[in-house]
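Inspection log for the structure reproduced underneath, given as structure tokens.
The values are calculated or read from the model by the stated rules, or taken from the named source; none is laboratory data. Keep in mind that what you see is a predicted model, and the values were worked out from it rather than measured. Cβ placement follows ideal geometry from the backbone for every residue including glycine, while neighbour counts extend to all protein chains displayed.
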Amino acid sequence: MKVVVGLGNPGLRYEFTRHNIGFRIVDSLAQEIEIEFKKVKSYYSLISRGMINNHKVILIKPQTFMNLSGRAVSKVVSYYKMPLQDLLIVYDDLNLELGQVRIRKKGSAGGHMGMESIMQYLNSEDVPRLRIGIGNPSVNFNFDCVSYVLSNFNGDEKDKIKKVIQLSVEAIKTIIEDGFEKAMRKYNKKLIEP
């Protein structure tokens, strides 16, 4: 069984923000395999169960707000007594160009508060992840990181992000069906062009 966690913030206000790309990707995967999310209060999450070919999957959208994502993820990991290698966290990354995705088996949080929370609650950096590039206009001296990640994608970016979501769904399916090594070789060098 694989557990795929998309990170984001609950509520319509945040639905299409850069920070919610994790939610949008697991929503797209759920739609593709025709499963629906249900609220599970004890996990502080929306949860969906289904199959990808012959593999059981659980999709999770924590409802704790981004900075407390670890609270929800640790509940699920604890309940299922699952090894961390069966977990995949999907989230936005300022350090990647819009159109890039990166699959890693472990590493630091890279300044991402949701990932940092998860690693603290699980007491490990060995948390597999799929990082989604959202760009970084930090060359602008007036750059406000929080405002940027909580902003919506602009008109020019919307078509590209649809392609990124589809590519990410394919990457998740490859991880589940064929493993991390094959998925990393196939997707880590790809860049979605405009």
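Values as computed for the structure displayed
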quantity	calculated
All positions within region 45-79 that are part of a helix (DSSP H, G or I) and of a type outside the set (V, I, T)	M66, N67, L68, S69, G70, R71, A72, S74, K75, S78, Y79
Neighbours by Cβ (under 7 Å, 6+ apart or cross-chain): first from region 171-183, over 17 Å from R131 (Cβ atoms); second crowded, with 18+ Cβ neighbours inside 10 Å and basic (K, R)	I176/K2
Residue check, I103 among the β-branched types (V, I, T), under 23 Å from K173 (Cα atoms), within 14 Å of the chain's Cα centre (by Cα) and in a helix (DSSP H, G or I)	no
Selection count, region 1-44, where residues are part of a strand (DSSP E or B) and either closer than 23 Å to K163 by Cα or not charged (D, E, K, R) (or both)	6
Residue that is more than 24 Å from S147 (Cα to Cα) and buried (at least 19 other Cβ atoms within 10 Å of the Cβ), where the choices are V127, V101	V127
Unmet requirement for L96, which otherwise passes all of (1) of a type in the set (A, V, I, L, M, F, W, C); (2) modelled with pLDDT of 95 or more; (3) closer than 30 Å to K160 by Cβ	(2)
First in region 1-23 and among the hydroxyl-bearing types (S, T, Y), second anywhere and modelled with pLDDT of 95 or more, Cβ under 6 Å, 6 or more apart	Y14/N20
When residues of region 5-64 are limited to those that are among the charged types (D, E, K, R) and in contact with a strand residue (DSSP E or B) (Cβ under 7 Å, 6 or more places away or on another chain), the one surrounded by the most Cβ atoms within 10 Å (Cβ to Cβ)	K61
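This table checks each residue for (1) within 21 Å of S28 (Cβ to Cβ); (2) not in a loop (DSSP other than H, G, I, E, B).
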{"position": "S147", "(1), (2)": "no, yes"}
{"position": "K158", "(1), (2)": "yes, yes"}
{"position": "V164", "(1), (2)": "yes, yes"}
{"position": "S168", "(1), (2)": "yes, yes"}
{"position": "I172", "(1), (2)": "yes, yes"}
{"position": "K186", "(1), (2)": "yes, yes"}
{"position": "K189", "(1), (2)": "no, no"}
{"position": "E193", "(1), (2)": "yes, no"}
